[in-house]
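Derivation of every value follows stated rules applied to the coordinates shown; laboratory data play no part. All values derive from a computational prediction rather than experimental measurement. Here the Cβ positions follow ideal geometry from the backbone for every residue, glycine too, while neighbour counts run over all protein chains shown.
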Amino acid sequence: TFVVTENCIKCKYTDCVEVCPVDCFHEGPNFLVIDPEECIDCTLCEPECPAEAIYAEDDLPEDQAHFLELNADLSKSWPVITEQKDPPADATDWDGKPGKLELLER
Ligand code: SF4
Ligand code: F3S
């Protein structure tokens, strides 16, 4: 499966959702996740993310390993998103900022 990691938080560009052939992105208030039970590993979303927040499970950086479980958990309760929308107005300010996990809204 592919996994959305920390740098998506508060950036949420949503470029990723348009290319997914199986609609497995789910949307929360300031973050997106991938449903690991739906993802078919097509790889299309990874290069679409301007924040480089999407990784194949096998390529997850060590400090992002916990996002695997977080994607699985949150995708159960968040709605599917299939259409790109405008990112938050301050998205570029947050791109690359460390420590965003504590700002995740559920
Ligand atoms: Fe969707 Fe493909 Fe990305 Fe999986 S790898 S989330 S199937 S676009
Ligand atoms: Fe997030 Fe990147 Fe998609 S910032 S919403 S994973 S395009």
**Message:** As an exercise, identify the GluC sites (Glu not before Pro) in the range 1-84 lying in DSSP coil whose Cβ has no more than 16 other Cβ atoms within 10 Å.
**Reply:** E37, E38, E52, E83
**Request:** Taking a cut-off of 18 Å between Cα atoms, list the lysines near K85, but don't count ones fewer than 8 places away on the same chain.
**Result:** K10, K12
**Request:** Could you bin all the Cα-Cα distances of the range 2-82 into 5 Å bins starting at 0 and give me the percent of pairs in each, rounded to whole numbers?
**Result:** 3, 18, 32, 31, 15, 1
**Taking only Cα atoms of the range 51-105, radius of gyration then Dmax in Å** = 12.8, 32
**Message:** Restricting to Cα pairs below 8 Å that are 6+ residues apart, what does the relative contact order work out to for the range 1-90? Please round to a whole percent.
**Reply:** 46 percent
